[in-house]
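Colleague: The following block contains the structure, expressed as structure tokens.
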Amino acid sequence: MKKYLAIYTGSKSAEKMKKWQAMSDDERNKKIKDGMTAWTNWVEKNKVSIIDNGGPLGKTKQIDASGISDIKNLMTGFTLVEAESHEAAAKLFVDHPHFLIFPGDAIEIMECLPLPQM
């Protein structure tokens with residue numbers, strides 16, 4: 001089995017997020033409750049493939065030759081899974097609550113490659 005990193009993405013300027021923010025508190029809280037129930041169900045359904053449930057991501061710092069700086073990106077969360085193939089890993093996230101219920105944009109799946117042998 002290979003390991004795959006799923007990165008949840010979302011933009012504060014996306015139309016879905018604007019609609020989410022325009023909801024009343026009661027309406028948004030209901031969506032959050034429904035979304036967390038759906039997410040819990042997704043985790044239960046896929047628990048044999050999930051290595052690390054992951055979670056939300058906070059603010060980002062970038063480190064390069066110039067030093068440390070605060071940056072923004074579209075990453076909002078992550079999950080680590082294992083699957084027979086890249087396609088199989090991607091299929092785990094079809095119809096995921098991140099973008100069906102919550103205002104997330106997408107989920108990106110990438111293989112975690114082994115370190116080269118020295």
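Colleague: Using θ = phi - 60° and the Karplus curve 6.51 cos²θ - 1.76 cosθ + 1.60, what whole-Hz ³J(HN,Hα) does each residue of region 56-67 get, with Gly and Pro shown as x?
Modeller: x, 10, x, 4, 10, 10, 10, 10, 9, 4, 8, x
Colleague: To continue, here is another question. Would you mind getting me the FRET efficiency between Ser66 and Met118? Use the beta-carbon distance for r and R0 = 41 Å, nearest 0.05.
Modeller: Working: r = 30 Å, r/R0 = 0.72.
Efficiency, from the Cβ-Cβ distance: 0.90.
Colleague: Which FRET efficiency value, to the nearest 0.05, is calculated for Glu27 and Lys3 with the Förster distance at 35 angstrom and r the Cβ-Cβ distance?
Modeller: 0.40
Colleague: How big is the charge dipole of the chain about its Cα centre, in debye rounded to the nearest 20, if each Lys and Arg gets +1 on its Cβ and each Asp and Glu gets -1 on its Cβ?
Modeller: About 300 debye.
Colleague: Report, in deg cm²/dmol and to the nearest 500, the calculated mean residue ellipticity at 222 nm for the chain, where each DSSP H run with n ≥ 4 adds -39500 (n - 2.57) and the sum is divided by the residue count. Could you put the intermediate results ahead of the total?
Modeller: On the way: 4 runs with 39 residues, N = 118.
Helices in the chain give a 222 nm mean residue ellipticity of -9500 deg cm²/dmol.
Colleague: To two decimal places, what compactness ratio does region 1-62 give when its Cα radius of gyration is scaled by 2.2 N^0.38 Å?
Modeller: This ratio for region 1-62 stands at 1.41.
Colleague: Additional query: Once phi is turned into θ = phi - 60°, what whole-Hz ³J(HN,Hα) does the Karplus curve with 6.51, -1.76 and 1.60 give for every residue of region 72-80, x standing for Gly and Pro?
Modeller: Whole-Hz 3J(HN,Hα) from phi for region 72-80: 10, 9, 8, 6, 10, x, 8, 8, 10.
Colleague: Sort Val43, Val81 by accessible area with a 1.4 Å probe, largest first.
Modeller: Val43, Val81
Colleague: Run the paramagnetic zone check for Asn46: 7 angstrom along Cα to Cβ, then residues of region 94-118 with backbone nitrogen under 20 Å.
Modeller: So the set is 94-113.
Colleague: Please give, to one decimal in nm, the separation of the simple spin-label points placed at Thr37 and Lys59, each 7 Å out from Cα toward the Cβ.
Modeller: Going from the Thr37 label point to the Lys59 one covers 3.6 nm.
Colleague: What is the P(r) of the chain, as percent of Cα-Cα pairs per 5 Å bin from 0?
Modeller: Per 5 Å bin, starting at 0, the Cα pair percentages come out as 2, 10, 17, 20, 18, 14, 10, 6, 2, 1, 0, 0.
Colleague: Find how much the distance from Lys12 to Lys91 grows on full extension, using 0.36 nm per residue of separation minus their present alpha carbon separation; answer in nm with one decimal. It would help to have the intermediate numbers written out before the result.
Modeller: On the way: separation 79, 0.36 × 79 = 28.44 nm, distance 2.61 nm.
Length difference between fully extended and current span is 25.8 nm.
Colleague: Leaving ligands, DNA and RNA out of it, rank Ser49, Ser13, Ser66, Ser85 by accessible area with a 1.4 Å probe, largest first.
Modeller: Solvent-accessible surface, decreasing: Ser66, Ser13, Ser85, Ser49.
Colleague: Then there's this: May I ask you to derive the relative contact order of the chain, considering only C-alpha pairs under 8 Å and at least 6 residues apart, and to give it as an integer percent?
Modeller: 48 percent
The values are calculated or read from the model by the stated rules, or taken from the named source; none is laboratory data. Just so it is clear, the structure is predicted and the values come from calculations on it, not from any experiment. Using ideal geometry, Cβ is built from the backbone for each residue, glycine included, and neighbour counts are taken over all protein chains shown. For accessibility, only protein heavy atoms count, side chains too; no ligands or nucleic acids. Shrake-Rupley method; radii C 1.70, N 1.55, O 1.52, S 1.80 Å.
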